Amino acid sequence: MSEKLIAPKSDKLILRALAGETLPTPPIWMMRQAGRYLPEYRATRAQAGDFLSLCYNSELAAEVTLQPIRRYGFDASILFADILLLPQALGADLWFVTGEGPRLSTTTTADQLAALNPFDAIHDHLAPVYETVRILSRELPRETTLIGFAGAPWTVATYMIAGRGTPDQGPAHALKAENRAVFEGLIDLLTASTIEYLSAQVQAGAEVIKIFDSWAGSLQGDDFEKYAIEPARKITAELKKRHPGLPIIAFPRGAGERYVDMHAKIGADCVAIDNGVTADFAATSVQPGGCVQGNMRPDLLVTGGQELIDEAQAITCAFAKGPYIFNLGHGITPDADPENVQIMIDAVRSA
Ligand code: CP3
């Protein structure tokens, strides 16, 4: 007769919040918590040579992922990589221009789409990322949750179509209007390859997955359902099928009033919200659907002072009646003061 051990409920705060528990003090992490505002990040990046070399150097990528954990003891750690590594694995050229941002070879024709690699031929290229995840799952403190991530198909497509970041995603909207077959073929390829990529991250040790749809807000009407909601829903459903119980955070940035019912629409455990909506709106209209993550303004980490403390506490209080993870509405900026991050954490924990 074998005695069955009942697995204890996780004691990791992030996993408890994602499971729907309302905690007395919310768990905390920050988008871009490993980044240029930290002197130790800049030193390690210099050691790696440049940003992409850092992403593909598993030891150093794990090192910069751990730096903010050592400094601040955040409750979650997000894999250090970039959403544009996937297009590179699909065969696009990728480079970063200092002070400007990413550049890619463009995918706007049927021939260019057909020249990309098949959705499942990405793993050799991305092997160093999976190795970073494996190192982190060994080295993180036991109370820290490891988050893996990818860009959502629409957001990644906007960079692949334009060959760079764009203020209004104009080239992607134009391709959608002019050559729907190529546009949808690209979205489908990205959806299928994102599932493979994220599934491999989970196999390597990622405990939670976050899907970044930074440009979801520029999709209007039916396009929002078709190209923001539907791909995220497919990715979430397939990942949960392959990895039962895997928690998923969706971040359809700029969704505004469309954040209402977002948990149910995507099937996500948590919805991350940006600064386009107030904490009160999200607490009333989004949090009833499940865990919410967000949404302090990143500029407060530059300006600091009493306003930082007041805002961090006001947001924490607004979300106190339901499952909640404290975070920013977007990534911390390079000009933020590292001391303000500690002030923010202390304010949240004493709210
Ligand atoms: O949050 C984290 O710390 C995890 C790592 C991470 C990075 N990028 C590292 C990074 C994550 C999750 C991303 C996501 C990402 N990358 C998004 C979606 C989220 C968002 O910010 O909207 C997007 C759109 C990208 C593409 C990208 N990468 C751009 C447009 C840029 C240039 C802009 C900039 O901030 O310089 C990057 C570069 C990048 N990705 C940096 C970091 C730390 C800065 C690179 C450097 O060190 O010089």
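The values are calculated or read from the model by the stated rules, or taken from the named source; none is laboratory data. All figures in this text were calculated on a predicted structure; none of them were measured in a lab. All Cβ positions, even for glycine, are placed from backbone atoms using ideal geometry, and neighbour counts span all protein chains on display. In case anyone asks, the SASA skips ligands and DNA or RNA and just uses the protein heavy atoms, side chains included. Shrake-Rupley method; radii C 1.70, N 1.55, O 1.52, S 1.80 Å.
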Rounded to the nearest 10 Å², the accessible area of residue 311 using a 1.4 Å probe with every protein chain kept is 70 Å²
For the stretch 9-349, whose charge dipole is built from +1 on Lys and Arg Cβ atoms and -1 on Asp and Glu Cβ atoms, the candidate among 49, 296, 262 with its Cα farthest towards the positive end is 262
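Given a 1.4 angstrom probe, I'd like the percentage of the accessible area of the stretch 9-349 that is carbon and sulfur, rounded to a whole number.
50 percent
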Give the span of the stretch 1-138's Cα atoms along each principal axis, as three whole-Å numbers ordered largest to smallest. 58, 46, 28
Kindly report the accessible area of the chain per residue (heavy atoms of protein chains, probe 1.4 Å, no ligands, DNA or RNA), in Å². 42 Å²
Using only DSSP helix segments of four residues or longer, with each worth -39500 (n - 2.57), what per-residue ellipticity at 222 nm results for the chain after dividing by its residue count and rounding to 500? -14000 deg cm²/dmol
Sites residue 337 and residue 278, calculated FRET efficiency, Cβ-Cβ separation with R0 35 Å, nearest 0.05: 0.90
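Work out, step by step, the length gained on full extension between residue 59 and residue 311: first 0.36 nm times the residue separation, then minus their alpha carbon distance; give nm to one decimal.
Details: separation 252, 0.36 × 252 = 90.72 nm, distance 3.65 nm.
Extra length available between residue 59 and residue 311 comes to 87.1 nm.
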If one builds a Gaussian network model of the chain from Cα atoms under 10 Å apart, the most fluctuating residue listed among 334, 68, 26 is 334
I need the shape label for the stretch 130-209. Rule: rounded when a/c is under 1.5, else prolate if a/b > b/c, else oblate, with a, b, c from the alpha carbon gyration tensor. prolate
With every protein chain present, what accessible area does residue 64 have (1.4 Å probe, heavy atoms only), rounded to the nearest 10 Å²? 0 Å²
At a threshold of 8 angstrom on Cα-Cα distance, excluding pairs fewer than six apart, so keeping six or more, what relative contact order does the stretch 1-98 reach in percent? 25 percent
If 303, 109, 166 are ordered by their accessible area, calculated over protein heavy atoms with a 1.4 Å probe, which sequence runs from highest to lowest? 303, 109, 166
Relative contact order for the chain using alpha-carbon pairs under 8 Å, separation at least 6, rounded to a whole percent? 20 percent
In debye to the nearest 20, how big a dipole does the stretch 232-347 give about its Cα centre with +1 on each Lys and Arg Cβ and -1 on each Asp and Glu Cβ? 1000 debye
Across the chain: Cys residues that no other cysteine approaches within a C-beta distance under 4.7 Å: 55, 317
Considering only protein heavy atoms, with the full assembly of protein chains and a 1.4 angstrom probe, order 335, 82 by accessible area, largest first. 335, 82
What residue among 262, 31, 296 has the largest mean-square fluctuation in a Gaussian network model of the chain, using Cα springs under 10 Å? 31
Per the rule of 0.36 nm per residue minus the C-alpha distance, extending residue 237 to residue 70 adds in nm 56.7 nm
Whole-Hz couplings from phi, Karplus 6.51/-1.76/1.60, listed for the stretch 110-118; x for Gly and Pro: 4, 5, 5, 5, 5, 7, 5, 6, x
Let me know the Kirkwood hydrodynamic radius for the chain, please, with Cα pairs as the basis and the value in Å to one decimal. 20.5 Å
Rounded, prolate or oblate: which one fits the stretch 150-282, using the alpha carbon gyration tensor with axes a ≥ b ≥ c (rounded when a/c is under 1.5, else prolate when a/b beats b/c, else oblate)? oblate
Please compute the modelled spin-label separation between residue 11 and residue 100, points set 7 Å along Cα→Cβ, answer in nm with one decimal. 5.2 nm
Applying the span-like rule to the chain (DSSP H, Cα extent along axis at least 15 Å, Kyte-Doolittle mean at least 0.5) gives 180-204
How much accessible area does residue 10 have with a 1.4 Å probe, in Å² rounded to the nearest 10? 50 Å²
The long-range amide H neighbours of residue 212, using H built 1.01 Å from N in the peptide plane and a cut-off of under 5 Å, are 150, 151, 152
Suppose every K and R has +1 on its Cβ and every D and E has -1 on its Cβ; what is the size of the dipole of the stretch 9-349 about the Cα centre, in Debye to the nearest 20? 620 debye
By accessible area (1.4 Å), largest first, 154, 215 order as 215, 154
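So if each residue of separation counts as 0.36 nm, and I subtract the Cα-Cα distance between residue 42 and residue 22, what length gain in nm does that give?
Gain in length upon complete extension: 3.5 nm.
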Dipole of the stretch 9-349 (Lys/Arg Cβ +1, Asp/Glu Cβ -1, origin at the Cα centre): which of 179, 272, 24 lies farthest to the positive side? 24
